[in-house]
Amino acid sequence: MHKTSYSILGLMSGTSLDGLDLAFVHFKLEDSDWNYRIEVAETISYSPAWVRELSEGINLAELELASLNECYTVLLAHLALAFIEKHQLKPDAVCSHGHTIKHQPQLGYTLQIGNLPQLAELLPFPIVCDFRVADVALGGQGAPLVPIGDELLFSNYDFCLNLGGFANVSTNVGGTRIAFDICPVNTVLNYFAQKLGLEYDAGGAIAATGMVNEKLLSELHALPFYELAHPKSLGVEFVNREILPILNAYSLAIPDVLRTFVEHISEQISLHIKRFDGKSVLITGGGAYHEFLISRMQQALPNHELTIPDDLTIAFKEALIFGFLGVLRLRNEVNVLASVTGARHDHSSGVIYNDYLS
């Protein structure tokens with residue numbers, strides 16, 4: 001007999017490298033409906049050294065990458081323990097995404113570091129982690145995984161749009177949940193803001209001062225990825241291979257690069273959303289704070305209702321949903337949808353350590 005109430009610590013590290021998100025969430029199953037409440041949440045920023053290590057991990061040789069994996073696993077465990085002790089928490093389980101270093105599903109490969117068995121040795125709780133690998137082994141993209149949470153926790157919205165390192169959208173079409181990555185967001189915007197010595201372009205203030213370069217915009221829109229049918233997903237490899245060479249070739253002032261790329265994001269999101277029925281859009285992720293981007297999106301989607309939720313949901317939706325994926329995995333229930341990832345069938349994904357939760 002499964003429990004109907006779970007207190008879970010969800011951990012999420014995204015490609016924007018802004019830090020580790022930790023969300024302690026209470027999940028409750030009532031009359032076949034899941035509800036959640038975020039009790040306490042925090043983002044712990046990475047040190048400059050860790051930002052460098054994680055951003056350069058994609059280029060490491062096998063032995064160096066294995067060492068990084070071990071060190072990052074220890075870091076995650078220590079940050080989780082410090083958070084638990086600081087807030088005097090008693091989680092039923094810790095559910096961790098890890099940090100994506102390589103994502104090449106077309107080659108049958110994805111790597112999220114921080115999911116080694118050592119995590120279970122350092123954290124004296126049931127652990128659920130490494131959610132993506134099994135899906136890729138089943139022929140799926142391994143991403144996005146959040147849509148099961150959209151379906152079961154946020155179904156009152158027609159679209160769930162996350163603006164993180166990449167933009168991804170989730171919606172229900174004819175009773176089937178679909179989702180896919182749309183385009184890069186903070187992976188590119190932050191890259192150019194950092195060239196100005198800033199962590200990010202707060203509110204889009206710099207982008208708002210720039211001018212759109214129409215030739216560059218057209219070249220970005222012409223990238224073949226945008227014409228692919230879903231399911232489809234993006235990784236840093238796409239940014240390094242396809243996006244940055246185009247942007248750097250134009251030798252524009254950074255405000256103009258940011259302004260043009262904001263327009264690119266806005267137009268790609270609006271084009272993709274307009275392909276489906278529905279008007280209400282829930283927006284989460286760090287990009288929800290990019291006021292200039294949101295204003296451009298609203299202009300591109302004049303008949304849609306764009307909802308920016310409370311700060312906890314904006315910042316920690318992915319951490320809470322990976323916590324939820326962990327709950328479903330502990331119950332051996334479907335937490336990955338083949339309609340979303342393209343896998344051969346729905347499945348319950350994630351590695352479980354210290355499996356003594358009753």
*If you take the residues of the stretch 37-70 that are out of contact with any helix residue (DSSP H, G or I) (no Cβ under 6 Å at 6 or more places or on another chain) and assigned to a strand (DSSP E or B), which of them is farthest from residue 87 (Cα to Cα)?*
37
*Would you mind telling me which numbered condition in (1) surrounded by fewer than 16 Cβ atoms within 10 Å (Cβ to Cβ); (2) within 18 Å of the chain's Cα centre (by Cα); (3) more than 28 Å from residue 327 (Cβ to Cβ) residue 55 fails?*
(1)
*Only listed residue being modelled with pLDDT of 95 or more, exposed (fewer than 15 other Cβ atoms within 10 Å of the Cβ) and among the β-branched types (Val, Ile, Thr), chosen from 321, 294, 246, 269*: 246
*Tally, over the stretch 176-191, of residues that are open to solvent by less than 10 Å² (accessible area, probe 1.4 Å), outside any strand (DSSP E or B) and out of contact with any Phe, Trp or Tyr (no Cβ under 8 Å at 6 or more places or on another chain)*: 0
*Could you list, in sequence order, the residues of the stretch 148-175 that are surrounded by fewer than 22 Cβ atoms within 10 Å (Cβ to Cβ), hydrophobic (A, V, I, L, M, F, W, C) and outside any strand (DSSP E or B)?*
152, 153, 154
_Options 20, 29, 65, 11: the member that is over 30 Å from residue 152 (Cα atoms) and modelled with pLDDT of 95 or more_ = 65
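Can you go through 281, 351, 327 and tell me which one is of a type in the set (Val, Ile, Thr), more than 26 Å from residue 129 (Cα to Cα) and modelled with pLDDT of 95 or more?
281
For every residue, the table says whether it meets (1) out of contact with any Cys (no Cβ under 6 Å at 6 or more places or on another chain); (2) more than 16 Å from residue 11 (Cα to Cα); (3) in contact (Cβ under 8 Å) with a residue 60 or more places away in the chain.
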position: 38; (1), (2), (3): yes, no, yes
position: 43; (1), (2), (3): yes, no, yes
position: 47; (1), (2), (3): yes, yes, no
position: 57; (1), (2), (3): yes, yes, no
position: 68; (1), (2), (3): yes, yes, no
position: 88; (1), (2), (3): yes, yes, no
position: 96; (1), (2), (3): no, no, yes
position: 108; (1), (2), (3): yes, yes, no
*Counted residues, the stretch 36-52 - those being open to solvent by 50 Å² or more (accessible area, probe 1.4 Å), more than 20 Å from residue 165 (Cα to Cα) and either aromatic (Phe, Trp, Tyr) or within 19 Å of the chain's Cα centre (by Cα) (or both)*: 1
*Residue by residue through the stretch 249-266, note down the ones that are loosely packed, with under 15 Cβ neighbours inside 10 Å, touching a residue at least 12 places away in the same chain (Cβ under 8 Å) and of a type in the set (A, V, I, L, M).*
253
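The values are calculated or read from the model by the stated rules, or taken from the named source; none is laboratory data. Quick caveat, the model's predicted, so the values are computed rather than measured. Cβ coordinates were reconstructed from backbone atoms using ideal geometry, including for glycine residues, and neighbour counts include every protein chain displayed. Surface accessibility is based on the protein's heavy atoms, side chains included, excluding ligands, DNA and RNA. Shrake-Rupley method; radii C 1.70, N 1.55, O 1.52, S 1.80 Å.
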